[in-house]
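To keep things clear, I will list the structure first and then write my remarks on it.
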Amino acid sequence: MSDKKLKVVIFGTGWAFGNYIKNYRDEHEIVGITDWEYDKHGESIEGIKVLNPYKLSEVEFDKILICSVYVREIRQQLFEKLNITEEQTLAPEKYKVKHGKPFECEKTRVLGREVISFLTQKLK
C-alpha cells in the first residue's frame, strides 16, 4: 500500500474549512483552496493560496475536497459550472468539519439530555 497522499484542492473557506484544517491538515497534500467568493481569490488562508475555481485546469490535483455541510449542492455547482464529476470530489466525515465530536461540547450534552427527557415524558 502506498503512503502517497492525495493532492487536493479544498473547496470552501468558511468555518468547516477552519475546523478541518485545524485538526486534519496533514491528511492530504493540499495544493490550494477554492471558493466561489471572487474577492478571496489570490489571498492566502492558513498559508494556502485561494484559487479561482474557473482556473483549476491549470492546477495539478487528484480530488476536490469539499469542506462544507453543503456537499451535495457544491457537487452540483461544480458539475454545472466546471464539469467536475462527483468522482472527482470527496468530502471528509462530518465530524472532521464540525467542531469536535458529538456531545463533546457541554451545551450539546445539556440539550441532548433535555430532548431525551422531554421525549421520555411524552412517551410515558
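Can you give me the number of residues within region 27-65 that are among the polar types (S, T, N, Q) and closer than 18 Å to residue 97 by Cβ? Don't jump to the end; show me each part of the working.
Just the residues of region 27-65 that are among the polar types (S, T, N, Q), to begin with: 34, 44, 52, 57.
Imposing the further condition that a residue be closer than 18 Å to residue 97 by Cβ reduces the set to 34.
Qualifying residue count, region 27-65: 1.
Can you tell me which condition residue 29 does not meet? The list is (1) modelled with pLDDT of 90 or more; (2) over 19 Å from residue 93 (Cα atoms); (3) open to solvent by 70 Å² or more (accessible area, probe 1.4 Å), and all the others hold.
(2)
Would you point out the residue of region 53-73, among those that are over 10 Å from the mean Cα position of the chain (by Cα) and over 12 Å from residue 10 (Cα atoms), that is most open to solvent (accessible area, probe 1.4 Å)?
72
Can you spot a residue in region 44-52 that is touching a Leu at 6+ places or on another chain (Cβ under 7 Å), modelled with pLDDT of 95 or more and open to solvent by less than 40 Å² (accessible area, probe 1.4 Å)?
Our first condition is that a residue be touching a Leu at 6+ places or on another chain (Cβ under 7 Å); within region 44-52, this holds for none.
Within region 44-52, none of the residues are touching a Leu at 6+ places or on another chain (Cβ under 7 Å), modelled with pLDDT of 95 or more and open to solvent by less than 40 Å² (accessible area, probe 1.4 Å).
The values are calculated or read from the model by the stated rules, or taken from the named source; none is laboratory data. Computed from a predicted model, the values in this text were never measured in an experiment. Cβ atoms come from the backbone with ideal geometry, glycine included; neighbour counts cover every protein chain shown. Side chains are part of the model used for accessible areas, which takes the heavy atoms of the whole protein and leaves out ligands, DNA and RNA. Shrake-Rupley method; radii C 1.70, N 1.55, O 1.52, S 1.80 Å.
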